[in-house]
Structures are given as structure tokens and as C-alpha cells.
Amino acid sequence: MWGRLCQGLIREFGVRYFSTRGRAPAQDFAGVLLAGLAEDGGLYVPEFWPRFSTAEIRGLRGLPYAELAAAVMAPFVDGAVADLAALCADAYAGFAHPAVVPLQQLETGLFALELFHGPTLAFKDLAMQLLGRLFEQVLAGERLTIVGATSGDTGAAAIEALKGRRGIMIAILHPEGRVSEVQRRQMTTVAAANVGNIAIRGSFDDCQDLVKAMFADAKLRRELRLSAVNSINWARIAAQIPYYFAAALALGAPDRAVAFSVPTGNFGNVLAGWAAARMGLPVARLVVACNRNDILARYLAANDMSLRPVEPSLSPSMDIQVSSNFERLLFELLDRNPAETERIMLDFRAGGRMEVPEGAWRRMQGLFCGFALDDAGTEAEIGRLYRASGYLADPHSAIGIAGARARRAERGVPMIAAATAHPAKFAPTVERASGVCPALPARLADLYQRPERSVVVANDLAAVAAEVRALAGRNVAEGTIV
Ligand SMILES: *Cc1c(COP(=O)(O)O)cnc(C)c1O
């Protein structure tokens, strides 16, 4: 009775969100969507985790993906979003596979969950396509400027999701000459007036510093109403939970448990898997699969979270040392103690080593385990998979699949590896490793013929800010932004 009443109230008003560092005001869903990072430097988390009963999970079986997504996300979203089901239907209608997130069996007990059938061929589309629509609805005609730095996938997914959206202007900075050709073309060939591509004469870190500096400039921030769609945005995590349900249901959940292996960078994807487990999905294992930047694997093996320099690899979207979303899990492992979370995070930033209490680390090991694979191992895995089953995996997905195979026997449940990018996105590596050049899907086949639009700007804050202002001004003049 009481549970039913609570569920009813959640549906009506939605859960509220608190910062992991406890010193920022609580927000509703619309607030965390627009804020991204909390004012105290923390990350927003729901005040409690909604839980589905076994019967409720069984009731989700067989739903089309968009309906499943709306049902799983409903407890996190409040009245600011009028018709979540319609937004989900619209967001996922553009995916190239009718199942949206199809499962492919690779071997006995080993499956690939293909998350790359969206417009930019990477799993970021699953969250971004919905986010673009949520922004538009929550803003209700008010204007907003999204700025971001990208080393590839995030920028393309954000541009694709926000192109032509009412009131929203998006400027994405990328390091000139340092993103793959497919990734660059996916950003620069979008012909929408509200999209600006700025190629910076510098590195990805320079791009990130420029974005941070723009946010730190209070005047500019207010003038352009700056916002971000980076991976610490809670709405992105929420939008990634449903595909864990979809895959597990397809393999017999809630009556049978499953395990997942997730190629990991910023810890957003695998955190969504943890959230699914917390919401009642029977998940026996989460493998955190890393490339040579293996800080999370070292942490899981030996409670050693010590920073090393980022090394470039064949799986660039996982070339990360500080996984921002880890803070959300840390907060939970510390029994939601914000003061302790903040202290550990600040010490980590200052000293380069995270001191997680032994008990919290052990609790994480109950569900998570680590796996790491270097470039040579990644190429070997791509070749092996192709020869054994004819399956072409991109380097990120190959790491996830190798992690799944390494841990498969452990808990006697089906192992599902997240396939996070289409092989054609990383064609040179895939061809070298397998002997086969993966073709771009038909809808992108003319990508190399489309005209590109971008401006090259020096690594200089004033010059970049002027460019963003000019883009926003042009849009107001053209009536794109009202
Ligand atoms: C972003 C990305 C990842 C890493 O995901 P996180 O949520 O940052 O852990 C893995 N693979 C691909 C292809 C990506 O684009």
C-alpha cells in the first residue's frame, strides 16, 4: 500500500537530485538536465534508487525499445517532461535497426549488445538523441548555447542530436587534425545553422581548457547562457539504463541473471549498468574493460587508483585516467556520505592517488571486476573474432568482448559485451587486424562527398569566445534562435 503510494507520487513529481558533495541545492530533473555539474563541483544523484519488483520487470518483457526506455526512465523524470514516451519514440525512430539495441550471439553464452545503430555510429547516440529532445522541451523556447570539447564521438553525437533544435545553439571544439576522418566529417558535414564547428590549433586538452575557461567567465556564461552535454550530465546516465534491461530481458531476466562487460572510459556506461542492478535487474557481474589506460582495472585488482599520464591507444574514447562518473559510485560505496566523498575526491585531485577505504573497495568487488587489454591484444581480438565467427568489432567493442570472454566462466550466467562503436568508425584498425575493410552503413555512404563546414581558430580564449558569440549572433539574426 505504502509502496504503491510512493510509486504513484514518484510518477507524479519525479525524484529529486542531490550533489555527491552535499553543498549544492537539490534540483528536479529539469534542473539537473540544464546544470550538468553541481555548483559545489559534485555530481547529481537521485535522492533514492527506484526499485522494480520481479513482477514489474517481467511485465517489461517484449516491449518495443522506446516503450521500455520510457518505462525504465519514468521514475527519474518529473512533470517538466510532458510525454516521455513520445520523446523516446521520436528519439529512437532514427536508429537503423528495428530492435534499436540488437543482441548478437558470438559464442556459447557470449553476446554482443550492439549500441551503435544510431546516427553517429557510437553508443553516445542512445543518450544524446533523447537529450536533444529533452533540452528542447524543458527550455520551451528559451535560448541556450551548448559548448563542448571533443576528441571524437561525443561531439558528433551532440551535434547530430541538437542540429536544428529550437532555441539551442551548439559550438563544438575539436583539435585540428587530431580526430579521425569519419569523426571529423560526422561533425563538419551537418548543414544546420545552429551548429558551429571550431577546429582549434592545439590538443584535445587545449580544447577542454578553453571550454572550462569559457564556463569560468561569468559574464560570457550569462550572456550566452552556456550549458554542457558532457558525460557527467545525469540525464545521459538515466538514458543508458534501459538497454541493460532490454538485453537482460531478452536472455531470460528476471528469472535468470546475466553479466555485462563494458568498454570503459568516463565510467558513464558501466555506471548505468550498476544503476540497473540497483533498480532490481539481476546482474551477476560487471566487467570494467579498459585499454592500456588501465587505472580502473588496477583499482579493482588491488585498490590502487593512482594517476598515470594518458597514453594514446587504438580505442581513443577510452583514453582517460580520471573517470568522472566514478564519483557517483564512490558516493554510494561510502554509504552516501557527501563530506567523505568530497574529501577523497579533493585529495585525489591534489595527490594523484585515491584513498578508498578497504571496506568500500571490497563492496565494489562484489559486483565489479576489472580487465585490461593493450593495442596488440586489441588487434589480436579483432582478428580472432572475425576468423572464428565472421564478426567485425571496432577496437572499443573488441576490448569489451575480450573482457567478457575472460570472465565468462565465473558466475555461470550469459555474458553480454557492450559493442559501443560501429567497426566502420575505426576502419583502418579493423582492416589491419582482420583483413576486411568495414563499410559505412548505406545512410552514411556519401559522408566523404558531403561538403564540410568549420572554422580554424588559434588556441586563444578571446578568439574562441568571439567565434562562439558570432555564431550565436548569426543565429539570432537568422531567427534560428529566438
Ligand atoms: C564514450 C565511449 C566509451 C566509453 O564510455 P564511458 O561511458 O565514458 O565509460 C567506449 N567506447 C566508445 C566507442 C565510446 O564512444
Review point. Taking only pairs six or more apart or across chains, which ones have beta-carbon atoms under 7 Å, a first residue in the stretch 439-464 that is free of Cβ contacts under 8 Å to residues at least 60 places away in the same chain, and a second residue that is small (Gly, Ala, Ser)?
Key: Ala439/Ala424
Review point. Are there any helices (runs of 4 or more DSSP H) wholly within the stretch 351-412 with 3 or more residues that are at pLDDT 95 or above and more than 23 Å from Gln321 (Cα to Cα), and if so which?
Key: 375-389
**Study point:** Given (1) under 26 Å from Val182 (Cβ atoms); (2) buried (at least 18 other Cβ atoms within 10 Å of the Cβ); (3) in contact (Cβ under 8 Å) with a residue 40 or more places away in the chain, number of the condition Met364 does not satisfy
**Key:** (1)
**Study point:** Selection count where residues are open to solvent by 10 Å² or more (accessible area, probe 1.4 Å), more than 10 Å from the chain's Cα centre (by Cα) and within 12 Å of the ligand (Cβ to nearest atom), scope the stretch 227-262
**Key:** 0
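Restricting to the stretch 312-349, and then to whatever is under 27 Å from Ala427 (Cα atoms) and out of contact with any His (no Cβ under 7 Å at 6 or more places or on another chain), can you tell me which residue is farthest from the ligand (Cβ to nearest atom)? Working first, answer last.
Our first condition is that a residue be under 27 Å from Ala427 (Cα atoms); within the stretch 312-349, this holds for 312-321, 323.
If we keep only those that are out of contact with any His (no Cβ under 7 Å at 6 or more places or on another chain) too, we end up with 312-314, 316, 319-321, 323.
Details: Pro312: 15, Ser313: 11, Leu314: 11, Pro316: 9, Asp319: 10, Ile320: 7, Gln321: 12, Ser323: 7 Å.
Only one residue fits best here, namely Pro312.
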**Study point:** Scope the stretch 279-310; condition within 16 Å of the ligand (Cβ to nearest atom) and without any contact (Cβ under 8 Å) to a residue 60 or more places away in the chain; matching residues
**Key:** Asn293, Ile295, Met305, Val310
Review point. Does the stretch 126-148 include one or more residues that are within 16 Å of the ligand (Cβ to nearest atom) and touching a strand residue (DSSP E or B) at 6+ places or on another chain (Cβ under 9 Å)?
Key: yes
Exercise for review: Confirm whether Val190 is more than 16 Å from the ligand (Cβ to nearest atom) and among the hydrophobic types (A, V, I, L, M, F, W, C).
Suggested key: yes
Review point. Hey, among the residues in the stretch 296-344 that are in contact with a strand residue (DSSP E or B) (Cβ under 8 Å, 6 or more places away or on another chain), open to solvent by less than 30 Å² (accessible area, probe 1.4 Å) and among the small types (Gly, Ala, Ser), which one's modelled with the highest pLDDT?
Key: Ala297
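The values are calculated or read from the model by the stated rules, or taken from the named source; none is laboratory data. What you see is a predicted model; the values in this text were computed from it and never measured. Because the Cβ atoms are built from the backbone with ideal geometry, glycine has one as well, and the counts that use them run over all protein chains shown. The accessibility values were calculated without ligands, DNA or RNA, using every heavy atom of the protein model including side chains. Shrake-Rupley method; radii C 1.70, N 1.55, O 1.52, S 1.80 Å.
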